[in-house]
Amino acid sequence: MSDSGFPSTKSDIQSGEGVQRMVDSFYNNARKDPLLGPIFEQVITDWQEHLPTMYEFWERLLFGFSDYSGNPFQKHLNLSLEKEHFTIWIKIFTDTIDENFSGRKAEEVKRLARNIAGSFQLRMGITPENNDFEAIKYSHR
């Protein structure tokens, strides 16, 4: 039920349009956070360039297609991130998804976000606060 007392009409993330809504909503929320906001504002100098990159990143993960090619871990490695940053990032991300979407892809994107955050923390030498993720395994094929 929504706040109005009527059933919620949230849909799943079904296309690039849903991914854009997800990314835009997340960054709108995260940029307001007192801990994360200043980091985003300091590191991201061109939002018009950054947002399409994020759309492509999530489209690739959710739907298997996009022109994304990059190394997200490398971009985060030189930031002074602590366990608390990841905890807040996951909370804002999960809350954003729950506020806007419902369905299989919505649950998948939350799982993917937890996996990314957990793997980044392990690779940065940070003990994750929450072990609710699957560590990403790399093959040597």
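What follows is calculated from the coordinates using simple rules that are stated; it is not laboratory data. Quick caveat: nothing in here was measured; it's all calculated off a predicted structure. Using ideal geometry, Cβ is built from the backbone for each residue, glycine included, and neighbour counts are taken over all protein chains shown.
The aspartates and glutamates within cross-link reach of Lys91, meaning a Cα-to-Cα straight distance under 13 Å and a gap of 8 or more places when in the same chain, are Asp33, Glu99, Glu129, Asp132. Across the chain, the longest run free of exposed loop sites, meaning chymotrypsin sites (Phe, Trp or Tyr not before Pro) lying outside DSSP classes H, G, I, E and B with no more than 11 other Cβ atoms within 10 Å, spans 66-137.
The fewest-to-most ranking of Lys10, Lys32 by surrounding Cβ atoms within 10 Å reads Lys32, Lys10. Our Cα-only numbers for the chain put the radius of gyration and Dmax at 15.5, 54 Å. When the helices of the chain are scored as -39500 (n - 2.57) per DSSP H run of n ≥ 4 and the total is divided over every residue, the value at 222 nm lands at -19000 deg cm²/dmol.
Charge dipole of the chain (Cα centre as origin; +1 on each Lys and Arg Cβ, -1 on each Asp and Glu Cβ, all else neutral): 480 debye, rounded to the nearest 20. Dividing the mean sequence gap of close Cα pairs (under 8 Å, 6+ apart) by how many residues the chain holds gives a relative contact order of 27 percent. Put in order of Cβ neighbour count within 10 Å, fewest first, the listed residues Asp95, Asp46 become Asp46, Asp95.
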